[in-house]
Amino acid sequence: MEQQEFDPTATSVFKIPLVDDSQVDIPALSAVDREAVAALPAGSALLIVQRGPNTGARFLLTPEVTQAGRSPKSDIFLDDVTVSRHHCQFIAHEGVHIVRDSGSLNGTYVNRERVEQVVLSAGDEVQIGKYRLTYHPSHVL
């Protein structure tokens, strides 16, 4: 077998198998998380980190504007380079929460679709960088 001479200018292609995690179910809420959601005050909601750094962390969305980003001054501090300093906002409006991207580099996704702004529904998955969080609104209006 004849050896080919190494060409340092040639482009190499590495095939990395893609993992299709669209079929992976989000874990059901634990009893403690269900109790936390049941105890939420009216007009608020809970974001629970399902994947990424700080899995299991919970963040309260109040009936106001909640800022999420890599800035330590953010209401929801997500310390990872995949998150912009001022990544997105969660805005309470007429009993629901809206997630609005703040011009982030990597975008904000809801149920794996990139969004600029969308009204959240119970169980929606919000992806901010490496973080995947599920949205759980108060059942009290």
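Applying 1/(1 + (r/R0)^6) with r as the Cβ-Cβ distance of ALA36 and GLU116 and R0 = 30 angstrom yields a FRET efficiency of 0.50. For the stretch 27-99, averaging the sequence separation of C-alpha pairs within contact (under 8 Å, six or more residues apart) and dividing by the residue count gives a relative contact order of 21 percent. Surface listing: LYS73, LYS130 arranged by accessible area from highest to lowest gives LYS73, LYS130, probe 1.4 Å. Just need log10 I(q)/I(0) for the stretch 60-118 at q = 0.18, 0.21, 0.26 Å⁻¹, Debye formula, equal scatterers on the alpha-carbon atoms, no solvent, rounded to two decimals. Log10 I(q)/I(0), no solvent term: -0.57, -0.77, -1.09.
The values are calculated or read from the model by the stated rules, or taken from the named source; none is laboratory data. Since we're looking at a predicted model, the values are computed, not measured. Note that we place each Cβ from the backbone using ideal geometry, even for glycine, and neighbour counts take in every protein chain shown. Keep in mind that these areas ignore ligands, DNA and RNA; they rest on the heavy atoms of the full protein, side chains included. Shrake-Rupley method; radii C 1.70, N 1.55, O 1.52, S 1.80 Å.
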